[in-house]
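Colleague: Handing you a structure now.
The values are calculated or read from the model by the stated rules, or taken from the named source; none is laboratory data. These figures come from a predicted structure and were not determined experimentally. In this analysis, Cβ positions are derived from the backbone assuming ideal geometry, glycine residues included, and neighbour counts consider all displayed protein chains.
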Amino acid sequence: MTQMAAPDTSIVILAAGKGTRMRSDLAKVLHRAGGRPLIEQVIRACQPLKAAQILVVVGHQAEEVGTVVAQLGAQTIVQQPQRGTGHAMQVARRAIRKSAKLAIVIVGDAALLRTETLAALLDTHRRGEAAATILSAEVPDPSGYGRIVRDAEGRVQSIVEEKSASPDQLAIREINSAIYCFTLEKLWPCLSALRPDNVHREFYLTDAIALLRQRGERVLAQIAPDPDEVLGCNTRADLAYADRVLRARKAAELMDSGVTIYLPETVLIDPEVTVGPDTVIEPGTQLLGKTRIGARCQIRTGTILHDVRVDDGAIVGPHSNIDSSRVGPNAQVGPFSRLRPGADIRAGARIGNFVEVKKSVIHEGAKAQHLSYLGDATVGPGSNIGAGTITCNYDGVAKYETKIGKGVFIGSDTALVAPVRIGDGAYVAAGSIITDNVPPDALAIARGRQVNKPGWAKARRAMLKHAAHGAKKPRSKRRKPPRKKSRRPVKSRRRR
Ligand code: UD1
Ligand code: CA
């Protein structure tokens, strides 16, 4: 993108309103679309313009909004109470740099706005030597928006809010995006002249347009090429739509860079996620936070990755849920794997279905394919963890480590009671409960011995069959006579 230095221009973002139509306790501009709060989307669209300042007018939940704004290096000014968009601009005036000649004014809920569109608006304003340039859009359904009223020669005359519009004006399909460029010395006198003559008793910035025209100033309206860009997020439905558009843009960007995405409308990819070429992303996946995926990977259906690094050639099977972990090159995880923070699955290792891993290193080529919990563990290269193996890492107070060497075989249904170490090349028999360290190359068996009772099952079947035919004798045999009730209390009997 070309650098667009605008040192004579201040950007003012209006974000003090509550957003009543959202029906939320959260300030409207903090609602998220495309993986970021609305206000962050707007600020990020402004940043490449390199304006003299980005000033955000805050009011409702000023502190929370201010935190997001400060993280992005923008300034805030508080509007309290909020008496309309015109009043917000009057408040902003106090914090606008004296050196600024122009201001770009943007509503804080315009989450789909693009930098290029702002740059073009600024350009039109400068070339047209206008006092105000409005970014407008032609939309099929203009309801809810202010309408751009033009005169017989097609010149902008005023903006009329929906609630004040005549039936003729309501039919106008050119709407006000509430994104403008103003020449400040022309705007200030009009702002002072605003009157709250409307149903909401508010000072409307939109009324400044008619005032400028009355003073004989030039007002332009530039029609946005893509009407989506000027969508204001007033309702949850608007929010969902904005999210969909932003997600589609991200998916399109990745596809352009060589990523295959099937049914891209079903995937949710956060803005900072990176994906390497020839990786295939299946429907219904979510790639969130700072997830980084290498080249030639498969991210299969229903998978959720949050802050995960997936290296080249790895496969994440269907319906895996991975958080703050790493999947090494050519490793395979899933289907139905759960990797919690700190799982480090090294090259070529495999984690299978219904395996949960937390804060553990699974070294090169090791496998845990079925139904296990590995927590606070290291599993050496090439070791095999049998189905149902559990690291018992918690004693109710503290967590302990399990260290499994290289080339170890852990039989199915083993409980490893941490802290415990299994030496290189050792074997642990299935069903063992391991409480002591196992030396290298040893076999550990820790379970009850098997007893076979010859003929027992056959005899039992015969007895049951007999009972079913109603014979009384075997019945009395089968049931032991009821024990005589002890007169002692239960407790003392136990103590004997
Ligand atoms: C506004 C415009 C309307 C336009 C629409 C585009 C006005 C009077 N109307 O209407 O012509 O079609 O945007 O989306 O400007 N705000 C403040 N302080 C206030 C009031 C609002 O900072 O006192 C902020 C809000 O937080 C919001 C923005 O200004 O981010 C716009 O306010 P909103 O209530 O959404 O205006 P609309 O009714 O949508
Ligand atoms: Ca709005």
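Colleague: Only one of (1) closer than 29 Å to Glu265 by Cβ; (2) polar (S, T, N, Q); (3) more than 15 Å from ligand 2 (Cβ to nearest atom) is not met by Ser177, so which one is it?
Modeller: (3)
Colleague: Another question, if that's okay. Can you name the residue in the stretch 206-239 that is small (Gly, Ala, Ser) and without any contact (Cβ under 8 Å) to a residue 24 or more places away in the chain and, of all such residues, is farthest from ligand 2 (Cβ to nearest atom)?
Modeller: It comes out as Gly216.
Colleague: Regarding Tyr241, is this residue among the aromatic types (Phe, Trp, Tyr), more than 29 Å from Ser24 (Cα to Cα) and more than 14 Å from the chain's Cα centre (by Cα)?
Modeller: no
Colleague: Then there's this: Restricting attention to the stretch 81-140, which residues are more than 16 Å from ligand 2 (Cβ to nearest atom), of a type in the set (Ser, Thr, Tyr) and either more than 27 Å from Gln169 (Cβ to Cβ) or not in a helix (DSSP H, G or I) (or both)?
Modeller: Those that are more than 16 Å from ligand 2 (Cβ to nearest atom), of a type in the set (Ser, Thr, Tyr) and either more than 27 Å from Gln169 (Cβ to Cβ) or not in a helix (DSSP H, G or I) (or both): Ser99, Thr115, Thr133.
Colleague: Next up: Of (1) touching a Leu at 6+ places or on another chain (Cβ under 9 Å); (2) in a helix (DSSP H, G or I); (3) more than 25 Å from Lys98 (Cβ to Cβ), Ser143 satisfies all except one. Which?
Modeller: Of the numbered conditions (1) touching a Leu at 6+ places or on another chain (Cβ under 9 Å); (2) in a helix (DSSP H, G or I); (3) more than 25 Å from Lys98 (Cβ to Cβ), the odd one out for Ser143 is (2).
Colleague: Let me ask another. Quick one: which residue in Asp197, Asp168, Asp151, Asp141 is without any contact (Cβ under 8 Å) to a residue 60 or more places away in the chain, touching a strand residue (DSSP E or B) at 6+ places or on another chain (Cβ under 6 Å) and among the charged types (D, E, K, R)?
Modeller: Result of the check over Asp197, Asp168, Asp151, Asp141: Asp151.
Colleague: Is it the case that Val57 is within 16 Å of ligand 2 (Cβ to nearest atom), over 18 Å from the mean Cα position of the chain (by Cα), in a helix (DSSP H, G or I) and surrounded by 22 or more Cβ atoms within 10 Å (Cβ to Cβ)?
Modeller: no
Colleague: So Ser24 fits all but one of (1) under 19 Å from Tyr180 (Cα atoms); (2) within 16 Å of ligand 2 (Cβ to nearest atom); (3) out of contact with any helix residue (DSSP H, G or I) (no Cβ under 7 Å at 6 or more places or on another chain); what number is the exception?
Modeller: Evaluating Ser24 over (1) under 19 Å from Tyr180 (Cα atoms); (2) within 16 Å of ligand 2 (Cβ to nearest atom); (3) out of contact with any helix residue (DSSP H, G or I) (no Cβ under 7 Å at 6 or more places or on another chain) leaves (1) as the failure.
Colleague: Then there's this: Tell me the residue from Ala74, Ala16 that is of a type in the set (A, V, I, L, M) and either within 16 Å of ligand 2 (Cβ to nearest atom) or under 30 Å from Thr266 (Cβ atoms) (or both), please.
Modeller: Ala16
Colleague: Within the stretch 237-251, is even one residue farther than 30 Å from Lys18 by Cβ, surrounded by fewer than 16 Cβ atoms within 10 Å (Cβ to Cβ) and touching a Pro at 6+ places or on another chain (Cβ under 9 Å)?
Modeller: For the stretch 237-251, residues farther than 30 Å from Lys18 by Cβ, surrounded by fewer than 16 Cβ atoms within 10 Å (Cβ to Cβ) and touching a Pro at 6+ places or on another chain (Cβ under 9 Å): absent.
Colleague: Only one of these conditions is not met by Ala314: (1) out of contact with any Cys (no Cβ under 6 Å at 6 or more places or on another chain); (2) under 24 Å from Ile261 (Cα atoms). Which number is it?
Modeller: Only one criterion in (1) out of contact with any Cys (no Cβ under 6 Å at 6 or more places or on another chain); (2) under 24 Å from Ile261 (Cα atoms) is unmet by Ala314, namely (1).
Colleague: If you check Val149, Val107, Val68, which single one turns out to be under 20 Å from Leu194 (Cα atoms), under 30 Å from the mean Cα position of the chain (by Cα) and not hydroxyl-bearing (Ser, Thr, Tyr)?
Modeller: Val107
Colleague: Is the stretch 268-281 home to any residue that is of a type outside the set (Ser, Thr, Tyr), modelled with pLDDT of 95 or more, in contact with a Pro (Cβ under 8 Å, 6 or more places away or on another chain) and surrounded by fewer than 22 Cβ atoms within 10 Å (Cβ to Cβ)?
Modeller: no
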